[in-house]
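Scroll down for the structure; my scribbles are underneath it.
The values are calculated or read from the model by the stated rules, or taken from the named source; none is laboratory data. It should be emphasised that the depicted structure is a prediction, and the values quoted were computed from it without experimental measurement. Note: ideal-geometry Cβ built from the backbone for every residue, glycine included; neighbour counts use all protein chains shown. Only protein heavy atoms, including side chains, enter the accessible area calculation; ligands, DNA and RNA are left aside. Shrake-Rupley method; radii C 1.70, N 1.55, O 1.52, S 1.80 Å.
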Amino acid sequence: MAGGTMLAHLTDTARQLAAVLWQQHTVYRDRTGGVVIRGEHVQRWISLSATGTRGEVLVRAGRILDGGTSAPARAETVLRLDSGTSELAAACRRLLADTAADAAPAASRAPGPARPRPPRTARRRTKKARIALWVILATVTSGAVLAALVAYSSYSAAAGH
């Protein structure tokens, strides 16, 4: 298909697909030449874009973040564009389910500080590890200095100094 014909076919397919998936939706063309279906009420998006192969379409799904920003795709698949609306809708539902499953653990976390404090025992172990690291570094450094001194004294004795 030519570029314009493919875009028109993608747009028609996306409109049919959007009507099957969500009652409330927005369909628009993105800057890469694909078509995006946004379901603001479910905080999800789906995009359809032509692949390099004839008649195939890359279907991607992702979340809509607070403030309306689209998060990167969480799931994707490649399908034949002429598969039919019902088969495309089924694939989109699977991708949306994968997207929802990925988002569930983040949503179920209890609100709290961004980074929880480690327990005191973990901090003590960290201090001990630092001390052990310094001891190892000092030992290695002193061994290197000792080896250099032995080499220098051997060289001096051999040279007759």
Q. So what is the accessible area of region 1-60 per residue, in Å², with the probe set to 1.4 Å?
A. 56 Å²
Q) Carbon and sulfur: what percent of region 17-86's accessible surface (1.4 Å probe)? A) 45 percent
**Q.** Calculated from backbone phi, Karplus (6.51, -1.76, 1.60) coupling profile of region 20-28 in Hz, x at Gly/Pro
**A.** 6, 7, 9, 6, 9, 7, 10, 10, 8
Q: Search the structure for amide H atoms under 5 Å from the amide H of S70, placed 1.01 Å from N in the peptide plane, and list their residues when 5 or more places away or on another chain.
A: L65
Q: Quick one: order V57, V20 from most to least accessible surface, probe 1.4 Å.
A: V20, V57
Q | trypsin sites (Lys or Arg not before Pro) within region 6-40: DSSP coil, no more than 12 neighbouring Cβ in 10 Å | A | R31
Q: Can you tell me the dipole magnitude for region 27-83 around its Cα centre, using point charges on the Cβ only (Lys, Arg +1; Asp, Glu -1), in Debye to the nearest 20?
A: 40 debye
Q) Using θ = phi - 60° and the Karplus form 6.51 cos²θ - 1.76 cosθ + 1.60, what ³J(HN,Hα) does each residue of region 80-88 get, whole Hz, x for Gly and Pro? A) 6, 5, 8, 5, x, 4, 5, 5, 5
